[in-house]
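Asks: Following this message is one structure expressed as structure tokens.
Every read-out reported here was derived from the displayed coordinates using simple, explicitly stated rules and does not represent laboratory data. Model, not experiment: these values are computed from the prediction. Every residue, glycine among them, receives a Cβ derived from its backbone with ideal geometry; neighbour counts consider all protein chains shown.
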Ligand SMILES: Cc1cc2nc3c(=O)[nH]c(=O)nc-3n(C[C@H](O)[C@H](O)[C@H](O)COP(=O)(O)OP(=O)(O)OC[C@H]3O[C@@H](n4cnc5c(N)ncnc54)[C@H](O)[C@@H]3O)c2cc1C
């Protein structure tokens, strides 16, 4: 998808082209967004002033970097991701004043719900605050999803699902974040971060989880400058000959290690637990054990990040609390995620102590959870403590954190949406 394009090319490219500093958070955000959105693009790393001036007309320290050019000759200077999405023709206003169903989050659960809802004749709008695909979109190769014996890159799976949802008539609004929901008149009235407003008779919250951080000093500063959350699918090609580190012991960390080992000289996995067995699928841990250039250090934690403008070293602390400094050009943090459901605090929606949305029979275990529940029926299986408001996928308390489970819950939630709509006006 991404090509390293080093030669100066004065002929406008037929593809999107990104010019920027190699270790730069803004440039990384642009490349990561384009990769996850399955946009074919050329990447032109700028390594010194002469090259930067020749290729772009600005110096390496210029605030106008990164520069993104488009096949029609348009040039965006230091663009926000929304500007890029807009230029690609992805930003639209909502077509309706009211929908049967609004879905928040276009990861596997939201995409699946959109496909089933639209194919079954509901007016459905799918809102995504970032790139389509969610966590799955950042996976280099999903190997355990039914029907793909050779595995499928997560971004490709998401792109297929996006096409399928659109083909059935679902409306997709990207770069739109739901920030507040109010429930009245048997409807959800949602406010969006950009000032928009969406009304629907039912809704599915499929907002998944966001990357958990290490919580170390300098983590924000070094993000995109040697520190990355997730598998860094677009970064593997840049790691040729490097010693890189992956933190985490679950499947996402295992995939990251396998992907990076294709180009890096050596990948070290830093795992807090005593082994990979409890946290990683067997097929993946055996491949890691067999890979000649991957080593696994258990009982270890990253306790420091060092470097001026980019990561140079990490501090690793072992089980006996002994800390050592290790040279590191890149660190990939894959330590799971946490739900971003603070908006629900202003609603009667019940969350567990970690912020996951509680649904269906699980609400019975939470004293007082249904004090504001009006219908005579009990909540449906994936329904929250607000009638007509459902949760599917990773954001739901007790969900299985897998693509197949999210896809299944998205589809299942639509069945309950039909039942809810049949009894409400
Ligand atoms: C690197 C990696 C590799 C993985 N590999 C595998 C694998 O091989 N097999 C497997 O089964 N599982 C795998 N998983 C787990 C799997 O990807 C997740 O379980 C799955 O993506 C969950 O889907 P979801 O739709 O519930 O949530 P997510 O995928 O988290 O999607 C949620 C979406 O909601 C959006 N969103 C959040 N808040 C808002 C808001 N307020 N408004 C609008 N949009 C919002 C987010 O931007 C995101 O796009 C992997 C995960 C990772 C990170």
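Asks: Run down 68, 55 and say which single residue is farther than 23 Å from residue 412 by Cα and more than 25 Å from the chain's Cα centre (by Cα).
Replies: Only one candidate qualifies: 55.
Asks: Then there's this: Take region 108-149 and flag every residue that is near the ligand (Cβ under 6 Å from one of its atoms), within 19 Å of residue 204 (Cα to Cα) and assigned to a helix (DSSP H, G or I).
Replies: 108, 109, 110, 136 - these are the residues of region 108-149 that are near the ligand (Cβ under 6 Å from one of its atoms), within 19 Å of residue 204 (Cα to Cα) and assigned to a helix (DSSP H, G or I).
Asks: Does residue 274 count as in contact with a strand residue (DSSP E or B) (Cβ under 7 Å, 6 or more places away or on another chain) and in a loop (DSSP other than H, G, I, E, B)?
Replies: For residue 274, the condition - in contact with a strand residue (DSSP E or B) (Cβ under 7 Å, 6 or more places away or on another chain) and in a loop (DSSP other than H, G, I, E, B) - is met.
Asks: I've got another one for you. Among the candidates 112, 97, which residue alone is surrounded by fewer than 16 Cβ atoms within 10 Å (Cβ to Cβ) and closer than 30 Å to residue 415 by Cβ?
Replies: Among 112, 97, only 97 is surrounded by fewer than 16 Cβ atoms within 10 Å (Cβ to Cβ) and closer than 30 Å to residue 415 by Cβ.
Residue-wise test of (1) under 30 Å from residue 191 (Cβ atoms); (2) touching a strand residue (DSSP E or B) at 6+ places or on another chain (Cβ under 9 Å).
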| position | (1), (2) |
| --- | --- |
| 128 | yes, yes |
| 134 | yes, yes |
| 138 | yes, yes |
| 141 | no, yes |
| 149 | no, no |
| 152 | no, yes |
| 157 | no, yes |
| 164 | yes, no |
| 167 | yes, no |
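Asks: Out of region 15-27, which residues are touching a strand residue (DSSP E or B) at 6+ places or on another chain (Cβ under 8 Å) and either under 21 Å from residue 158 (Cα atoms) or in a loop (DSSP other than H, G, I, E, B) (or both)?
Replies: Across region 15-27, the qualifying residues are 15, 16, 22.
Asks: Hey, among the residues in region 225-260 that are without any contact (Cβ under 8 Å) to a residue 60 or more places away in the chain and assigned to a loop (DSSP other than H, G, I, E, B), which one's nearest to residue 275 (Cα to Cα)?
Replies: 249
Asks: State whether one or more residues within region 176-183 are over 24 Å from residue 230 (Cα atoms), without any contact (Cβ under 8 Å) to a residue 40 or more places away in the chain and more than 10 Å from the ligand (Cβ to nearest atom).
Replies: No, every residue in region 176-183 fails to be over 24 Å from residue 230 (Cα atoms), without any contact (Cβ under 8 Å) to a residue 40 or more places away in the chain and more than 10 Å from the ligand (Cβ to nearest atom).
Asks: Further question on the same structure: Return a yes/no flag: does region 377-399 have any residue that is assigned to a helix (DSSP H, G or I), without any contact (Cβ under 8 Å) to a residue 24 or more places away in the chain and within 16 Å of the ligand (Cβ to nearest atom).
Replies: Looking for residues that are assigned to a helix (DSSP H, G or I), without any contact (Cβ under 8 Å) to a residue 24 or more places away in the chain and within 16 Å of the ligand (Cβ to nearest atom), one finds none in region 377-399, hence no.
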